[in-house]
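Mind looking over this structure? Questions follow.
The values are calculated or read from the model by the stated rules, or taken from the named source; none is laboratory data. Since the model is a prediction, treat every value here as computed from it, not as a measurement. Because the Cβ atoms are built from the backbone with ideal geometry, glycine has one as well, and the counts that use them run over all protein chains shown.
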Amino acid sequence: MSRLFAAILPDDPFRDALETLAGGAVTLAGGGKVTPRENFHLTLAFLGETSRQEAALEGLMAVEIPAFSLELGQGGFFPGHRGNTLWQGVKPCPSLAALQRQLWSELTRRGFSLEDRPFLPHFTLARGSGGKYFSSPPPSALPSLKVSSVWLMESIFTGSGVRYRPMGQRQLNHNLHQQ
């Protein structure tokens, strides 16, 4: 059994921007544990504990969406019993919404039960904050993220925290580029 999710992984310039935002968010919120740089991702679908990795990969490979770009949007927090989770959202993007809907449809067709809550695309900046975080869209000088692939990832819990391992990748169509 593996704990699986489908995600968009940022490139290094975008990770740099997220790292900077995470440091600022923790400062503004008065504390919290910053997400390790290598763990930044935008979850498209959480599959949970499953032994059906091949079916998950089939669903991922069935997605037919052109490559597109994302820009950071407003940020906020999710309250939790172990402190707040601070996050940075992305600006509304029809291509991202289409990708998420198509992926969920393909995974559901293959028998996966997905979370029944609205899709709120975001990158987790920090966990365990005692404070709150709100942000306006960051300055446009920050890099946009070129989304050219979607990944199936496995969560692995270790003594020093969680790490994520790629299990498969779906390249998006590079011939078309949409916003």
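Can you tell me which residue within region 23-51, out of those that are closer than 18 Å to ARG163 by Cα and part of a helix (DSSP H, G or I), is nearest to the chain's Cα centre (by Cα)?
Per the criteria, the residue is ASN39.
Of the conditions (1) touching a residue at least 40 places away in the same chain (Cβ under 8 Å); (2) over 25 Å from LYS132 (Cα atoms); (3) outside any loop (DSSP other than H, G, I, E, B), VAL63 fails just one. Which one is it?
(3)
Can you tell me which residue within region 129-146, out of those that are in contact with a Ser or Thr (Cβ under 8 Å, 6 or more places away or on another chain) and outside any loop (DSSP other than H, G, I, E, B), is nearest to ALA29 (Cα to Cα)?
SER129
Would you confirm whether or not region 147-156 contains a residue that is out of contact with any helix residue (DSSP H, G or I) (no Cβ under 7 Å at 6 or more places or on another chain), farther than 27 Å from MET1 by Cβ, in a strand (DSSP E or B) and of a type outside the set (Gly, Ala, Ser)?
yes
From the list GLU54, GLU49, GLU38, which residue is touching a Ser or Thr at 6+ places or on another chain (Cβ under 8 Å), modelled with pLDDT of 95 or more and surrounded by fewer than 15 Cβ atoms within 10 Å (Cβ to Cβ)?
GLU49
Restricting attention to region 3-22, which residues are in a helix (DSSP H, G or I) and not acidic (Asp, Glu)?
Across region 3-22, the qualifying residues are PRO13, PHE14, ARG15, ALA17, LEU18, THR20, LEU21, ALA22.
How many of the residues in region 137-148 are without any contact (Cβ under 8 Å) to a residue 24 or more places away in the chain and farther than 20 Å from LEU86 by Cα?
Going through region 137-148 one residue at a time, the tally reaches 1.
Which residue pairs have Cβ atoms closer than 9 Å, lie 6 or more positions apart in sequence or on different chains, and pair a first residue in region 107-136 that is touching a residue at least 24 places away in the same chain (Cβ under 8 Å) and over 21 Å from ASN39 (Cα atoms) with a second residue that is surrounded by fewer than 18 Cβ atoms within 10 Å (Cβ to Cβ) and hydroxyl-bearing (Ser, Thr, Tyr)?
PHE112/THR50; LEU114/THR108
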